[in-house]
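Visitor: Okay, here's the structure, questions in a sec.
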Amino acid sequence: MNIQVIITIIDLLLWLIIAANVMYVLFFALASHLPKKTHLPSAILRPFGSKRADLERRHQTSDISHQPSFLVLIPAYHEDAVITNTVKSFLKQDYPKDLYQLCVISDHMDATTNKQLAALPITLFQPTFENSSKAKALQYATSDIRLQTSDIYDYVVILDADNIVATDFLSRLSHITRPDIAIQCHRTAKNANNDIAALDGLSEEINNSIFRRGHNRIGLSSALIGSGMCFNYEWFKNNVNKLDSTVEDRELEALLMKQGIFIHYSEDIQVLDEKVSNGDNFQRQRLRWMTGQVQALSRMLPYAPKAIFTGNINYIDKTIQQTLIPRSILLVIIPVLCLMSSVFTYRIHLPSSIFHLKWWLILICLCIAIFTAIPRQMRNSSLFNRLYSLPILVWKMIQNILVIDRNNKEFIHTTHNK
């Protein structure tokens, strides 16, 4: 076997892998522009006992007088800089005060911060975890005797310590809640104070287009994103103790998909989220996400054959998502491979039609996918001026590949500015 044949085989295999990634992104980017579905898919209803069955019947009848109650959980690990402002902002909700309870799980926060929080009309938990994680905080809150003895909640909402929502957040959420679905709200940037924060916010909106809106538009479940999430309270209480990693949102996704519960993306209900604004925080955040992707894939693969056999398309789709190469890395790899293929084509006389042009075609497809996924209001000159910072951020992500530990269970924290 000569060198030309070897290079051609390697090139073709590499192209097939990368082309599959690009085609997935392109398909759902285009799907995000399809008309919005007027009706949500029916999910498999899971009985939770007579009380829960009555609640389900109430939601499915024309009785619109019932207003659901909410348990709002905010895990806060070393979040002294932002948590008090978040809580005070949320307490301005126009929803009836007796129909929601705000709980903050204060993990390793200062005594001064805890004193400020204790003076507010909320429930404050102060656990002391040796190895902290968001999953542990959620488990701690839902297992507390104060919540168990007052089991009056219909839904649980999970927010991050830096999230800000509108005063009608719960009111609008109450109009779309259903016992048989989970809801992911539209998380969007609340800051764009520098190039890194702006690009981080852009990346989130592209993800919203591809993994949330695009999926819902063709009848598939949205991806979860870690905050701005709403679940049936009984379901959440029964499943939260199954979480045992630092990627609780992906574990929740897998549990929902296994049980046939649809995830609706509510693109009109916004949750403002602080974007990272320095390189070190960006690198830590992406390391947490990339580690979580590897961990989630290893956990989801064992169930994949059963999902294929039973036709669980949503579970299969979520498993495929864990195999995808980050777009920013694709934006670097593909142009490099385009140039390399051009050099090899002319230096060792390989057939350009099968070796050279296909890489340029896939690069064009990737650019179309990303441009299509960018919200129209964000396509402006100031955005493109910020792209100069992209190579630095991509380099930080490539560095993360070398330190990913699929067995790591330590929470990788990103700090916030006051």
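The values are calculated or read from the model by the stated rules, or taken from the named source; none is laboratory data. Predicted, not measured: the structure shown is a model, and the values here were computed from it. We place every Cβ from the backbone using ideal geometry, glycine too, and count neighbours over all the protein chains shown.
Visitor: Is at least one residue of the stretch 60-68 in the same structural domain as S266 (by TED's automatic domain parsing), over 27 Å from A137 (Cα atoms), surrounded by fewer than 12 Cβ atoms within 10 Å (Cβ to Cβ) and at pLDDT 55 or above?
Guide: yes
Visitor: Let me ask something else. Being surrounded by fewer than 19 Cβ atoms within 10 Å (Cβ to Cβ), touching a residue at least 40 places away in the same chain (Cβ under 8 Å) and under 21 Å from E251 (Cβ atoms) is the requirement here; does E234 meet it?
Guide: Considered against the rule, which asks whether it is surrounded by fewer than 19 Cβ atoms within 10 Å (Cβ to Cβ), touching a residue at least 40 places away in the same chain (Cβ under 8 Å) and under 21 Å from E251 (Cβ atoms), E234 comes out as no.
Visitor: Looking at (1) in contact with a Phe, Trp or Tyr (Cβ under 6 Å, 6 or more places away or on another chain); (2) surrounded by fewer than 17 Cβ atoms within 10 Å (Cβ to Cβ); (3) under 23 Å from S245 (Cβ atoms), which one does S133 not meet, given that it meets all the others?
Guide: So the condition that S133 fails would be (2).
Visitor: Continuing with this model, one more query. Just for helices (runs of 4 or more DSSP H) wholly inside the stretch 161-271: which have at least 2 residues that are in contact with a Ser or Thr (Cβ under 8 Å, 6 or more places away or on another chain) and more than 30 Å from T113 (Cα to Cα)?
Guide: Here the list reads 195-207, 214-217, 248-258.
Visitor: Which one of these is in contact with a helix residue (DSSP H, G or I) (Cβ under 7 Å, 6 or more places away or on another chain), outside any strand (DSSP E or B) and assigned by TED's automatic domain parsing to the domain that holds N239: T142, T86?
Guide: Answer to the check: T142.
Yes or no, residue by residue, for (1) of a type in the set (D, E, K, R); (2) at pLDDT below 85; (3) touching a Gly at 6+ places or on another chain (Cβ under 9 Å); (4) over 23 Å from F211 (Cβ atoms):
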site: D273; (1), (2), (3), (4): yes, no, yes, no
site: V276; (1), (2), (3), (4): no, yes, no, no
site: R286; (1), (2), (3), (4): yes, yes, no, no
site: W289; (1), (2), (3), (4): no, yes, no, no
site: N314; (1), (2), (3), (4): no, no, yes, no
site: I334; (1), (2), (3), (4): no, no, no, no
site: S341; (1), (2), (3), (4): no, yes, no, yes
site: P351; (1), (2), (3), (4): no, yes, no, yes
site: L357; (1), (2), (3), (4): no, yes, no, yes
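Visitor: Another question, if that's okay. What pairs can you find where one residue is in the stretch 84-98 and under 18 Å from H66 (Cα atoms), the other is among the charged types (D, E, K, R), and their Cβ atoms are less than 7 Å apart, with a gap of 6+ or different chains?
Guide: Correct list of pairs: D94/D168.
Visitor: Check whether at least one residue in the stretch 32-40 is at pLDDT below 80 and surrounded by 13 or more Cβ atoms within 10 Å (Cβ to Cβ), and report yes or no.
Guide: The answer is yes, given that some residue of the stretch 32-40 is at pLDDT below 80 and surrounded by 13 or more Cβ atoms within 10 Å (Cβ to Cβ).
Visitor: Now a separate question. For the stretch 89-125, which positions are farther than 22 Å from F169 by Cβ, part of a helix (DSSP H, G or I) and touching a helix residue (DSSP H, G or I) at 6+ places or on another chain (Cβ under 9 Å)?
Guide: The answer is T113, Q116.
Visitor: Also, quick follow-up: Is it the case that Q126 is buried (at least 17 other Cβ atoms within 10 Å of the Cβ) and farther than 24 Å from I269 by Cα?
Guide: So Q126 fails the test.
Visitor: Does any residue of the stretch 137-147 turn out to be of a type in the set (A, V, I, L, M) and at pLDDT below 80?
Guide: Yes, the stretch 137-147 contains at least one residue that is of a type in the set (A, V, I, L, M) and at pLDDT below 80.
Every residue, every condition in (1) closer than 26 Å to T310 by Cα; (2) touching a helix residue (DSSP H, G or I) at 6+ places or on another chain (Cβ under 9 Å); (3) in contact (Cβ under 8 Å) with a residue 24 or more places away in the chain, yes or no:
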site	(1), (2), (3)
D162	no, yes, yes
R172	no, no, yes
P179	yes, yes, yes
A182	yes, yes, yes
G201	no, yes, yes
S221	yes, yes, yes
L256	yes, yes, yes
I261	yes, yes, yes
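Visitor: Limited to the stretch 217-228, what total is found for residues that are surrounded by 24 or more Cβ atoms within 10 Å (Cβ to Cβ) and not polar (S, T, N, Q)?
Guide: Of the residues in that region, 2 qualify.
Visitor: Next question, about the same structure. For the stretch 249-276, name all the residues that are buried (at least 23 other Cβ atoms within 10 Å of the Cβ), more than 17 Å from C185 (Cα to Cα) and not hydrophobic (A, V, I, L, M, F, W, C).
Guide: E251, the sole residue that qualifies.
Visitor: Continuing with this model, one more query. Which of the residues that make up the stretch 73-88 are surrounded by 17 or more Cβ atoms within 10 Å (Cβ to Cβ) and either under 20 Å from L170 (Cα atoms) or among the aliphatic types (A, V, I, L, M) (or both)?
Guide: L73, I74, P75, A76, V82, I83, T84, T86, V87
Visitor: So G214 ticks every box in (1) under 24 Å from D98 (Cβ atoms); (2) buried (at least 22 other Cβ atoms within 10 Å of the Cβ); (3) at pLDDT 95 or above but one. Which box is left unticked?
Guide: Every listed condition holds for G214 apart from (1).
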